[in-house]
Amino acid sequence: MQKFCTCSCYYTDNIFLEQYKLHVRFTSEEQFKSDYRQVLQSLGCATDTQYNAVLEKIHSEVERRRNLEMQSAERKSIIKETYKALHQHVYSLQESFLAPEFVEIVKYSLEDGASEQGLLQLITSEAAPRVYRFPVFTQDFCRDLVEELEHFERSEAPKGRPNTMNNYGILLNELGFDEDFIAPLRELYLKPISSLLYPDCGGKWLDSHKAFAVKYTLNEDLELSYHYDNAEVTLNVSLGKDFADGNLYFGDMRQVPLNETECVEVEHLVSEAVLHRGQHMHGALPITSGCRWNLVVWMRASRQRNRLCPMCNRAPTLQPSTGYGDGFTEEDAGLCVLT
Ligand SMILES: O=C(O)CCC(=O)C(=O)O
Ligand SMILES: [Fe+2]
């Protein structure tokens, strides 16, 4: 059994200041002041009170991150004991949930001699550079899954939120989707495709994931700011329900400066996936009516990220974790010792 880890930058880096739409790093008050005081001022954080409110936000976010694993495990166990599913069948992946076109492209990807060129002939469209759109689920399955997620939302069960940028949404591992749904979807279906499309980004070595559902409605979140994912390859499936606008947009890879980037809008039809490199910058435009639910799977390749943590851009400093952590692994140095 692999032992998955987190990078310690999780407690210092990529802290999102919603009010200023700014990601920051915090290691000490002096470092923070020298790195951000001016930038924050230019974004409207002018007074000491506003600045102190920012520091307060950062401290509480770091505290939240430190308690996250324990609280998540607690929620998971309460959900397991008390939550009654509406559609029990959606928790175990079956081929009947999948669109026939998706099954075909996976079948092709598993053939001897399958190539990127051959696969691209079967995929509906390349919506932006190396961003692919194709059907994944049936409409019936999308409807059942949304009904299940809404049933969970309405329940008394405790809820964890996917990340600091989403205030609504559901962590699917807490709800019990990891073992029999997301893991086989990644391993049996998405890895063969990603191996051909993204061999340079760890696509052949996907071995863990973080999966969640995101939700946008008029009284809650409307949009998602421009960001990259803590993932090598991301699957994003539109589940419905009815909504207007809310397209995804893609810029460039995270290494490219923003002023050299042109964004491309990508229409996302219900039941279709958008598959992209995790570090390809993107966001979601505001919806203007209705309710939009998406399934997002951040897929990780330990072989890739053990060398470079995409969040701090350094060799990761590993911290033990429960579950998949952030997809890093302790590599066994002493496996074949000759004496
Ligand atoms: O709302 C969406 O479709 C985008 C979600 C996303 O990019 C993310 O959660 O990482
Ligand atoms: Fe994302």
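The peptide list 189-201, 205-217, put in order of mean Cβ contacts within 10 Å with the highest first, becomes 205-217, 189-201.
Length gained on full extension, L258 to A53, computed as 0.36 nm times the residue gap minus the Cα-Cα distance: 71.0 nm. By a 1.4 Å probe calculation restricted to protein chains, H151 has an accessible surface near 50 Å², given to the nearest 10.
Working note: Karplus 6.51/-1.76/1.60 with θ = phi - 60° gives the range 234-250 the couplings 10, 10, 10, 10, 7, 9, x, 7, 10, 7, 10, 6, x, 5, 7, 9, 10 Hz, where Gly and Pro are set to x. Past 31 Å, Cα to Cα, is the threshold; run K3/K204; K33/K210; K84/K210; K84/K107 against it and keep the listed order. Pairs exceeding the cut-off: K33/K210; K84/K107.
Leaving ligands, DNA and RNA out of it, report the carbon-plus-sulfur percent of the accessible area of the range 1-62 at a 1.4 Å probe. If you can, show how the numbers build up before the last one.
Numbers: 1840 of 3580 Å².
It is 51 percent, rounded to a whole number.
Spacing of the modelled spin labels on K84 and D180, each 7 Å from Cα toward Cβ, amounts to 1.9 nm. Descending by average beta-carbon neighbour count within 10 Å, the peptides 178-184, 136-142 line up as 136-142, 178-184, the highest first. Mean residue ellipticity at 222 nm, helices only, the chain: -9000 deg cm²/dmol; runs of at least 4 DSSP H residues each add -39,500 (n - 2.57), and the sum is divided by the number of residues. Distant-in-sequence amide contacts of T6, defined by a placed amide H-H separation under 5 Å and a gap of 5 or more residues or a different chain, comprise Q319, S321, D326.
Coupling constants for the range 7-21 follow from the phi torsions by the Karplus curve (6.51 cos²θ - 1.76 cosθ + 1.60, θ = phi - 60°), and in residue order they are 8, 5, 5, 4, 9, 10, 10, 6, 8, 8, 9, 3, 4, 10, 6 Hz; glycine and proline get x.
Residues D242, D252, ordered by accessible area of protein heavy atoms at a 1.4 angstrom probe radius and largest first, appear as D242, D252.
So, counting K/R as plus one and D/E as minus one, what does the shell of residues with Cβ under 13 Å around E104 add up to? Don't jump to the answer; show the numbers that get you there.
Working: positive: K107; negative: E95, E101, E111.
The answer is -2.
Please state the shape class of the chain: rounded when a/c is under 1.5, otherwise prolate if a/b exceeds b/c and oblate if not, all from the C-alpha gyration tensor.
Note, shape of the chain comes out rounded.
Taking every protein chain into account, the accessible area of the range 87-305 amounts to 40 square angstrom per residue (probe 1.4 Å). Taking only protein heavy atoms and a 1.4 Å probe, the accessible area of the range 87-305 is 48% carbon and sulfur. Counting only the Cα atoms, the range 52-204 fills a convex hull of 160 Å³ per residue.
The values are calculated or read from the model by the stated rules, or taken from the named source; none is laboratory data. Bear in mind that the values here come from a model prediction, so they are computed numbers and not experimental data. A quick note on method: Cβ atoms are made from the backbone with ideal geometry, for glycine too, and the neighbour counts reach across all protein chains shown. Please note that ligands, DNA and RNA were not included when accessible areas were found on the heavy atoms of the full protein model with its side chains. Shrake-Rupley method; radii C 1.70, N 1.55, O 1.52, S 1.80 Å.
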